[in-house]
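The structure under discussion appears below in the form of structure tokens.
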Amino acid sequence: EGRGRDAGTIAYEAEAMNASHLSGVKTPRVLANASGSLVTSAEDKSVILMEYIDGENISGQRVSDSLIEEIGEEMGKMDTALSDFSKPPGTRQEYEFDLKNFPGLYEEVALLPPRFEHAAFEDVFASFAGIEEAFRASPAGLIHNDVVKHNLLVKDSKLSGIVDFSDMAFSPYAQNIAVTLSQVVFSEGWETRQ
């Protein structure tokens with residue numbers, strides 16, 4: 001469930017997750033139903049059944065160098081596995097957490113309460129405008145777009161899985177790396193060498 005999601009985006013998510021798994025990426029294997037489909041309809045909902053991955057999410061925890069390396073390796077394998085996926089319509093096109101849609105949020109700054117420093121937000125939009133052309137011209141493909149601590153499963157200090165493909169986007173690979181760096185490495189407890 002989620003804003004802008006429908007049976008088509010859910011089926012695309014299941015296909016991408018399964019393609020990643022079949023390529024050896026540490027992601028759940030999606031189980032097909034009796035008719036061979038990865039998605040089953042139940043009471044006007046789309047349902048995906050996937051294998052369990054043992055591990056705990058690492059939200060709020062410090063991330064070791066070796067785990068950062070494992071995450072990066074899996075993301076690279078996932079990018080390769082998903083490179084065969086064509087451009088949308090499989091992803092949510094106007095999705096607000098897709099950086100290519102970021103400029104459309106500018107008008108929302110005026111709606112923020114006065115306690116927020118509006119000038120800081122305006123600086124961020126101005127900075128993005130300065131790199132937007134290069135960003136849009138950089139290599140792109142289907143990306144996970146949400147490799148963050150609560151979507152990483154770890155067991156015995158090793159990465160056991162990457163879950164939650166619902167935020168996928170067809171956008172520059174740099175966006176996937178930036179999301180992960182900001183949310184996994186730089187969010188809390190990082191050291192300069194990392």
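The values are calculated or read from the model by the stated rules, or taken from the named source; none is laboratory data. It should be emphasised that the depicted structure is a prediction, and the values quoted were computed from it without experimental measurement. Reconstructed Cβ throughout: ideal geometry from the backbone, glycine too, with neighbour counts over all protein chains shown. The accessibility values were calculated without ligands, DNA or RNA, using every heavy atom of the protein model including side chains. Shrake-Rupley method; radii C 1.70, N 1.55, O 1.52, S 1.80 Å.
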Practice problem: Pop a pseudo-label 7 angstrom from the Cα along the beta-carbon direction at both L105 and F186 and give the gap in nm to one decimal. | Solution: 1.5 nm
Quiz prompt | Pairs from K77/K155; K45/K100; K26/K149; K45/K155 whose Cα-Cα separation, in the structure shown, is over 23 Å | solution = K45/K100; K45/K155
Exercise. For D65, D167, give the ranking by accessible area with the largest first, probe 1.4 Å.
Key: D65, D167
Quiz item: Quick one: net charge of A129's neighbours, Cβ under 15 Å, K/R +1, D/E -1?
Solution: -3
Quiz item: Short version: what are the Cα gyration tensor semi-axes of the chain, square root of 5 times each eigenvalue, largest first, in whole Å?
Solution: 29, 23, 16
Quiz item: Out of A110, M78, S127, whose Cα points farthest toward the positive end of the dipole of the range 1-135 (charges: +1 Lys, Arg; -1 Asp, Glu; placed on Cβ)?
Solution: M78
Self-check item: S127-I53 FRET efficiency (beta carbon distance; Förster radius 35 Å; 0.05 resolution)
Solution: 0.40
Practice problem: From largest accessible area down, sort Y173, Y95; use a 1.4 Å probe on the protein chains. | Solution: Y173, Y95
Quiz item: Please identify the chymotrypsin sites (Phe, Trp or Tyr not before Pro) of the range 1-92 that satisfy two criteria: DSSP loop assignment and at most 16 other Cβ atoms within 10 Å. Which are they?
Solution: Y52
Practice problem: Kindly identify the range 8-113 as rounded, prolate or oblate by the Cα gyration tensor criterion: order the square roots of the eigenvalues as a ≥ b ≥ c, call it rounded if a/c is under 1.5, otherwise compare a/b with b/c, prolate if a/b is larger, else oblate. | Solution: oblate
Practice problem: Report, in degrees rounded to the nearest 10, the 0 to 90 angle that the Cα long axis of helix 65-82 makes with the longest principal axis of the chain. | Solution: 70 degrees
Quiz item: Which listed residue (M17, L67, N57) has the Cα farthest towards the positive end of the charge dipole for the range 1-122, taking +1 on Lys and Arg C-beta and -1 on Asp and Glu C-beta about the Cα centre?
Solution: M17
Self-check item: Selection of GluC sites (Glu not before Pro), the range 21-62, meeting DSSP coil and at most 11 other Cβ within 10 Å
Solution: E43, E51
Quiz prompt | Rounded if a/c under 1.5, otherwise prolate or oblate - the range 102-151, Cα gyration tensor axes | solution = oblate
Practice problem: Kindly report the accessible area of the range 1-56 per residue (heavy atoms of protein chains, probe 1.4 Å, no ligands, DNA or RNA), in Å². | Solution: 62 Å²
Exercise. Would you tell me the accessible area of H21, worked out with a 1.4 angstrom probe on the heavy atoms of the protein chains, in Å² to the nearest 10?
Key: 60 Å²
